[in-house]
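See structure below.
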Amino acid sequence: MMHNSLIIRETLRETNNNALHRMRRDPHRLVRPSEAKDVAAAANELLITGEWSVRIDERISGMKEAAEDVEDFLTRRGAIVRPDGARTITLLIDPEQPEGTFTRSADASGVIISAGGMQGIWAGIVDLERELTSGPSASVPYGRTKRAPAWKVQISQAAFGSNYLVPDLSEEFLSNDVFRLLTHYGANGMTIYGDWLCYVRSESFPELNHPDYDRNIALLRDAAARATKYGIKLYYVPVSPKLMSDHPIFEWLPSVRGAKIAVGLSKDAKRIHNLCSTDPASLAFQGEVMANLFREVPELGGLILIVGGESFYHCYMRPDLHELPPRQGTNCEACGRRKAEEVVSGLLKATADAVHRIDPHVPVMAWPYSAFRWSSDPAQLELVEGMQEDVALLTTIDKDQWMQKDGYKKLIWDYSVDYTGPADNAIQQADILRRRGMDLFLKTETALGLEAIHVPYVPALQRLGEKWKRVASLKPRGVLQSWMFFGMWGSRAEELGWWASWYPEKSVDEVLRTMAERDFGKLSGPMLTVWEKMSEAVGHFPYIPDYFTGPEFIGPAQPLLFGEEGSPYSEFEALLYYLQENEETFSSTVNEVKHSVILHRLPERMFRSFIRLEREEEAIDLVIRERRKATEHSTAAYEIVRRLSSEDAVVQAALQEEAIVVEFLHRTFLSTEHTYSFLREKERLDPAGGKDYNAEMLRIAAAELDNARRARHIYEKAPWLDIALRVDGKYPSSVTMLERKIALLEEALRRRLPR
């Protein structure tokens with residue numbers, strides 16, 4: 001899950017100089033001119049037609065941007081915007097109102113949106129614009145309404161094609177359009193991520209001072225200030241230092257050298273250590289750095305401290321356990337004298353104490369993602385019981401649960417689009433927090449899951465809507481709605497998070513019907529069926545696959561290789577930046593070691609670890625049967641959506657995007673089914689038979705060749721689906737892989753089929 005900011009800098013620069021930079025989403029792209037006539041409104045409603053003006057106090061930071069958004073919306077709806085328009089939309093700051101809430105008043109003269117700050121102003125604008133596009137007419141009811149969200153904080157990833165990695169947060173990499181998009185889909189926070197050594201200027205530990213500190217802190221301050229104009233706060237996920245064993249800081253002060261970290265990618269790996277998570281000087285220094293961030297950048301939203309298996313390092317996180325006695329969890333002598341939970345709680349306390357001396361209201365969240373590496377209990381209950389009360393818990397709605405399926409159980413070892421939660425561990429943790437009066441934040445995925453992270457969103461909206469209801473059931477203070485996989489897209493899947501927070505009283509069916517009627521008009525019925533079929537399809541993912549590998553990730557570009565599983569194909573090799581955990585800070589190792597993205601053989605280890613069979617059958621037979629069902633449901637969805645068309649240009653554009661995503665998923669599901677079936681046959685071949693194929697392998701290969709050929713047009717219509725444009729790794733082009741696959745299959749079948 002980890003990424004390294006500095007080694008991706010050139011990737012980001014390349015990305016932002018190509019077409020991807022110009023494809024950032026427009027939050028008003030689905031707005032159509034109103035069909036309402038400019039006639040007298042009903043007695044209790046105000047029509048948004050005719051001439052309008054927008055009034056603000058320009059001295060307030062963010063008001064200008066808010067007014068421009070409203071004016072853009074009104075113009076697209078067919079209204080005329082003039083400085084002296086007969087009716088007005090007024091945006092007004094009212095310090096008496098709680099932050100994040102808003103009040104709207106409407107009468108014959110216009111609309112007034114008032115709020116305690118820009119977060120509430122933007123929430124009111126988005127609510128108004130949603131109402132004006134989601135009903136039968138462009139009108140607002142007279143009267144006064146006041147709304148507050150179900151949870152105060154909703155954090156998103158950065159938008160597609162933009163950066164989230166420190167320190168490169170200038171407008172070149174993170175534009176204001178990103179913040180505008182986020183706020184239109186209900187987010188009031190965004191994650192930034194990366195090495196906190198970028199922000200060190202310390203008198204106590206000058207050996208760790210960063211030469212570009214002034215530049216880095218200025219970029220962070222500017223990004224935070226720009227974000228707040230749109231009601232967005234930046235939440236930092238800091239990555240701790242991993243330093244050479246002979247680093248000057250360790251030579252000068254040996255007590256701050258923490259655990260030796262397990263060996264990474266390189267065969268001649270360097271010996272690296274994290275800072276000790278018990279030593280007083282080490283804890284004081286780490287607290288000093290985090291506190292300085294909030295002193296220098298007071299508009300930061302908070303900290304997200306991953307204390308499980310990556311990022312915010314401690315001596316129990318990833319220590320080298322070779323040559324240690326069993327059950328000894330770390331090679332750090334100082335930390336080894338204490339339980340892991342005590343060490344982690346102490347690190348969290350030191351951090352929270354330092355930050356809260358600067359701002360007592362800033363959330364400092366502990367996220368025990370993959371804490372099975374060191375936790376004494378699977379739900380980290382001992383950690384939660386021992387944490388200081390002003391440390392919040394961020395936990396995942398679905399992770400680490402065994403999900404009951406038809407004839408088997410599936411381990412939700414990471415984020416899932418299939419399982420809607422809440423996991424047993426999240427329920428237990430929430431109970432403890434409620435009893436202790438502590439804050440709960442929930443991590444979910446609003447648009448996808450690890451079963452499908454190669455698309456911007458999975459249009460399985462009934463299932464994703466149900467997941468939001470499960471999130472709401474735990475009554476969190478805040479939600480982290482996505483990790484940094486694809487990039488926030490501005491899809492209906494992401495819009496579900498806005499509805500869940502601002503209109504929790506509405507059922508999933510009501511929300512989906514509203515969105516379908518707004519975006520697809522008379523075609524809303526078929527589109528609801530498409531989403532239902534896709535929801536059924538994702539319910540047949542038998543297990544969560546490994547990161548960034550195989551047909552689930554590279555889709556129809558996954559080749560079928562007969563006797564060539566060991567052959568290197570550079571067209572199918574990637575640099576995987578998430579493998580940075582065991583490398584030195586600012587190391588370029590992950591930019592040097594390439595990995596194949598092909599699934600070469602059946603992942604038996606994954607089957608054994610992540611599937612519990614309840615019937616007498618082979619795991620691969622279950623996997624193929626489930627994948628076949630997923631394909632069948634996606635086929636039904638695709639057959640519906642590909643036949644839909646509209647004379648309305650806006651509806652047609654929405655149809656085309658939905659159709660291409662559904663087809664891409666359908667062809668991915670089909671390729672996945674073919675891949676597993678092919679590999680099963682391949683591994684069942686008689687070694688003494690002298691052939692590297694049988695008749696069934698030839699049939700599968702021919703069917704997959706047809707699937708691959710039919711997938712060619714997808715990348716022409718939707719270049720954003722090419723994994724070469726992702727910024728979480730450096731991947732080969734999907735188009736290049738697909739063409740290479742087609743050539744390999746054509747040649748393989750030519751040689752093996754009878755003439």
- Within segment 555-595, which residues are in contact with an Asp or Glu (Cβ under 6 Å, 6 or more places away or on another chain) and open to solvent by 40 Å² or more (accessible area, probe 1.4 Å)? GLY563, LYS594
- Task: Starting from residues that are of a type in the set (D, E, K, R) and not in a helix (DSSP H, G or I), keep the ones in segment 457-489 and report whichever is farthest from GLY729 (Cα to Cα).
- Result: LYS475
- Out of (1) surrounded by fewer than 21 Cβ atoms within 10 Å (Cβ to Cβ); (2) in a helix (DSSP H, G or I), the one ASP692 does not meet is (2)
- Query: If we keep just the residues of segment 721-747 that are of a type in the set (Val, Ile, Thr) and more than 18 Å from the chain's Cα centre (by Cα), which is least open to solvent (accessible area, probe 1.4 Å)?
  - Reply: ILE742
- Message: I'm checking my understanding of the structure. Among residues of segment 145-179 that are part of a strand (DSSP E or B) and either basic (Lys, Arg) or closer than 19 Å to ARG25 by Cα (or both), which one is farthest from the chain's Cα centre (by Cα)?
- Response: LYS146
- Could you list all residues from segment 223-266 that are assigned to a helix (DSSP H, G or I), surrounded by fewer than 20 Cβ atoms within 10 Å (Cβ to Cβ) and of a type in the set (Gly, Ala, Ser)? ALA225, SER255
- Message: Looking only at segment 68-98, filter to residues that are out of contact with any Lys or Arg (no Cβ under 8 Å at 6 or more places or on another chain) and under 12 Å from GLY124 (Cα atoms); which one of those is surrounded by the most Cβ atoms within 10 Å (Cβ to Cβ)?
- Response: VAL70
- Boolean, ARG608 is touching an Asp or Glu at 6+ places or on another chain (Cβ under 7 Å), assigned to a helix (DSSP H, G or I) and not hydrophobic (A, V, I, L, M, F, W, C): no
- Message: Quick check on segment 385-402. Is at least one of its residues part of a strand (DSSP E or B), open to solvent by 10 Å² or more (accessible area, probe 1.4 Å), touching a residue at least 12 places away in the same chain (Cβ under 8 Å) and of a type in the set (A, V, I, L, M, F, W, C)?
- Response: yes
- The one condition in (1) in contact with a Gly (Cβ under 9 Å, 6 or more places away or on another chain); (2) under 19 Å from GLN157 (Cα atoms); (3) of a type in the set (Asp, Glu) that ASP509 fails to fulfil: (2)
- Provide a single number: the residues in segment 375-384 that are polar (S, T, N, Q) and buried (at least 22 other Cβ atoms within 10 Å of the Cβ). 1
- Item | Test for VAL641: is it closer than 27 Å to SER677 by Cα and at pLDDT 95 or above | no
- LYS506 vs. criteria of a type in the set (Lys, Arg) and over 23 Å from ARG642 (Cα atoms): yes
- Item | Candidates SER646, SER587 - the one that is of a type in the set (Ser, Thr, Tyr), under 27 Å from TRP720 (Cα atoms) and touching a residue at least 60 places away in the same chain (Cβ under 8 Å) | SER646
- Query: If you scan segment 410-449, which residues turn out to be assigned to a loop (DSSP other than H, G, I, E, B), farther than 27 Å from ALA159 by Cα, open to solvent by less than 20 Å² (accessible area, probe 1.4 Å) and in contact (Cβ under 8 Å) with a residue 40 or more places away in the chain?
  - Reply: MET438
- Query: Just a yes or no: is a residue in segment 358-374 assigned to a loop (DSSP other than H, G, I, E, B), of a type outside the set (A, V, I, L, M, F, W, C), surrounded by fewer than 24 Cβ atoms within 10 Å (Cβ to Cβ) and touching a helix residue (DSSP H, G or I) at 6+ places or on another chain (Cβ under 9 Å)?
  - Reply: yes
- Residue among ARG144, ARG130 that is open to solvent by 10 Å² or more (accessible area, probe 1.4 Å) and touching a Phe, Trp or Tyr at 6+ places or on another chain (Cβ under 9 Å): ARG130
- Exclusive hit being in a helix (DSSP H, G or I) and either farther than 30 Å from ARG518 by Cα or open to solvent by less than 60 Å² (accessible area, probe 1.4 Å) (or both), set GLU681, GLU616: GLU681
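The values are calculated or read from the model by the stated rules, or taken from the named source; none is laboratory data. Bear in mind that the values here come from a model prediction, so they are computed numbers and not experimental data. All Cβ positions, glycine included, derive from the backbone under ideal geometry; neighbour counts span all protein chains shown. Note: accessible area is taken over every heavy atom of the protein model, side chains too, but ligands, DNA and RNA are not part of it. Shrake-Rupley method; radii C 1.70, N 1.55, O 1.52, S 1.80 Å.
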